[in-house]
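Below is one structure, written out as structure tokens, with a few remarks after it.
Bear in mind these aren't lab numbers, they're just calculated from the coordinates by the rules spelled out. The shown structure was predicted, so the numbers you read here are calculated from the model rather than taken from an experiment. FYI the Cβ positions are ideal-geometry reconstructions off the backbone, even for glycines, and counts take in every protein chain you see.
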Amino acid sequence: MAYYSDRPIANAGSAAGIGGLFNAAVRTYGTTEPKRSLLASAFAAFSAWNDRRLTRKTLMALSDRELEDIGLTRGDIETIARR
């Protein structure tokens, strides 16, 4: 992923927050790898889509000069957002 954000999920520690719902949806069934429920998979897919959307939006807001400074062109934006 070209753009990484450490932004916290709102109310990630509380059971009432989205993070609490996500954590409650992930279950382990006697293995070391958690199995995702349908809700957790949907949340993960939405989160990945939103990260790509924000990456595209942020890069599109830059001027051509700013993109050139970081070694990109407008044609690179979609490729970068898909990573």
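Ordering Thr55, Thr73 from the fewest to the most neighbouring beta carbons within 10 Å gives Thr73, Thr55. Segment Glu78..Ala61, full-extension length gain: 4.8 nm, with 0.36 nm per residue of separation and the alpha-carbon distance subtracted.
At an R0 of 25 angstrom, the distance between the Cβ atoms of Ile70 and Ala48 translates into a FRET efficiency of 0.65.
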